[in-house]
1. Open to solvent by 10 Å² or more (accessible area, probe 1.4 Å), farther than 26 Å from residue 23 by Cβ and either more than 16 Å from ligand 2 (Cβ to nearest atom) or in contact with a Leu (Cβ under 8 Å, 6 or more places away or on another chain) (or both), is that true of residue 239?
2. Considering each of 209, 201 in turn, give the residue that is touching a Phe, Trp or Tyr at 6+ places or on another chain (Cβ under 8 Å), open to solvent by less than 70 Å² (accessible area, probe 1.4 Å), within 16 Å of ligand 2 (Cβ to nearest atom) and at pLDDT below 95.
3. Check the stretch 311-331 and report whether any residue there is in a strand (DSSP E or B) and aliphatic (A, V, I, L, M).
4. Limited to the stretch 343-364, what total is found for residues that are surrounded by fewer than 20 Cβ atoms within 10 Å (Cβ to Cβ) and part of a loop (DSSP other than H, G, I, E, B)?
5. Name the residue, out of 38, 58, that is closer than 30 Å to residue 206 by Cβ, assigned to a loop (DSSP other than H, G, I, E, B) and open to solvent by less than 50 Å² (accessible area, probe 1.4 Å).
6. Going through the stretch 311-324 one residue at a time, which ones are farther than 16 Å from residue 162 by Cβ and open to solvent by 60 Å² or more (accessible area, probe 1.4 Å)?
7. Examine the stretch 284-301 for a residue that is out of contact with any Cys (no Cβ under 8 Å at 6 or more places or on another chain), farther than 19 Å from residue 176 by Cβ, in a loop (DSSP other than H, G, I, E, B) and at pLDDT 90 or above, and state whether such a residue exists.
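The values are calculated or read from the model by the stated rules, or taken from the named source; none is laboratory data. Given the structure is predicted, the values throughout are model-derived calculations rather than measurements. Glycine gets a Cβ as well: all are built from the backbone with ideal geometry, and neighbour counts include every protein chain shown. Each accessible area value is taken on the protein alone, full model and side chains, heavy atoms only, with ligands, DNA and RNA left out. Shrake-Rupley method; radii C 1.70, N 1.55, O 1.52, S 1.80 Å.
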Amino acid sequence: MATLKVQRPKGTQDVVPSQMYKWNTVEGIVKDTASAYGFREIRIPTFEDTALFVRSVGDTTDVVQKEMYSVTAKGDADFSLRPEGTAGTIRALIENGILNEGFPQKVFYVLSCFRHEKPQAGRLREFHQFGVEMAGTKDPRADAEVISLAKSIIDTAGLRGIKLFINSIGCPECRAKYHAALKEYFAGRADELCDTCRGRLEKNPMRILDCKSPVCSEIAEGAPVILDYLCEDCREHFEKLQQYLTAMDIKFEINPKIVRGLDYYTKTVFEFVTTDIGAQGTVCGGGRYDGLIETLSGKPCPALGFAMGLERLILTMEKQGLDFAAEDTCDIYIASMGDAASVKAMQMCAELRADGVSAECDVVGRGLKAQMKYADKLGAKFSVVLGDSELESQTAELKNMQTGEKVTLPIDERFKAAFNAMLISHMLSAEEIEEPFDELESGDITD
Ligand SMILES: [Zn+2]
Ligand SMILES: [Zn+2]
């Protein structure tokens, strides 16, 4: 029979086991930091009604017009793979009545998203996002807090050279005036715009500002700036946000060119940008979307959030040579010679694993030498060899694979406790024990 050679689809990637520690590190950082800020995790379906994305992301955006994967099976409604996480998360908050449980509601997610884009470094067709949403507050303190959370993650990861850009794109009222000004500006050069943008001119001229075509972006350079059109309420919101960021010692730059690619944003928008992955790359982008929940549920409820691309975060950490948490390795390898010893090895492994110890023994049928080579390859912290004489004496030598040190331990029911004690002292000697009061001088403690 002919074999079928299958390769992964363009724009997707495999994360092989030896690379998983990077993902575990980054997912650990984002989850721990979000929890420290009081956000709770949520999981939502991979596909949703296409109408949800058309309505929330916007039918004039590239994402909806060009990049969505529709997934329909016979007789199904029109579904699409999620191109981003906010729409589905907000849908879930509404559908599960979570918005009736008091404010603010703070959730985070780690999920994959799908966009049919031209694959390039740091931009895949299936990519992974960490995101947060906070619902039920229009206060600029919430904006500052969400930005502060993103900043904490970037700092915890150790990233350098990341710039925070903020902008306000106003509310529907101030934006109506701005749209009129944009229309007037772009109408003058309408025949130079790309086909897509000419279509956007009437309905949503702001989208022209983030068109990727070189001609459109050149024309957009001279366009009017939203900050000149903000209403009193939006201006005050933006000024207070800047005050809070300054008070929290978070450095930022105002950049009126940041409009974010999706329709649902209002007032605050922000991006954390790195120059370390080739072209300028956005590590994190977000903002406020006060009208989105009302669009989907009929009930007004201000909200805001951000998303971070995990591939991009990992890529930037790699480029900057940052540390990822080390992979967990096998605690003990129990080698054996002979049938009786191999049964004993399996028994001991099962007992140790029940205690949470990572233990392995031979399941291939290798000779002793090959078993020890394998233990080395695994990076096992300790090893034990069982043979007839060990079974006879009910003791065996436990070898520290790093130092070569050996101690004799009983291999009866006392083994587990004895080994756990060895393991704990191994872990303690591996990490530096910090002196917590080192930096405190006696004069610092006063009343
Ligand atoms: Zn306004
Ligand atoms: Zn264009």
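1. Against the criterion (open to solvent by 10 Å² or more (accessible area, probe 1.4 Å), farther than 26 Å from residue 23 by Cβ and either more than 16 Å from ligand 2 (Cβ to nearest atom) or in contact with a Leu (Cβ under 8 Å, 6 or more places away or on another chain) (or both)), residue 239 qualifies.
2. Answer to the selection: 201.
3. no
4. The total comes to 6.
5. From the options 38, 58, the qualifying one is 58.
6. 323
7. Yes, because at least one residue in the stretch 284-301 is out of contact with any Cys (no Cβ under 8 Å at 6 or more places or on another chain), farther than 19 Å from residue 176 by Cβ, in a loop (DSSP other than H, G, I, E, B) and at pLDDT 90 or above.
Here is a yes/no grid of residues against (1) touching a residue at least 60 places away in the same chain (Cβ under 8 Å); (2) part of a loop (DSSP other than H, G, I, E, B); (3) among the polar types (S, T, N, Q); (4) open to solvent by less than 60 Å² (accessible area, probe 1.4 Å):
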residue: 2; (1), (2), (3), (4): no, yes, no, no
residue: 13; (1), (2), (3), (4): yes, yes, yes, no
residue: 94; (1), (2), (3), (4): yes, no, no, yes
residue: 117; (1), (2), (3), (4): yes, yes, no, yes
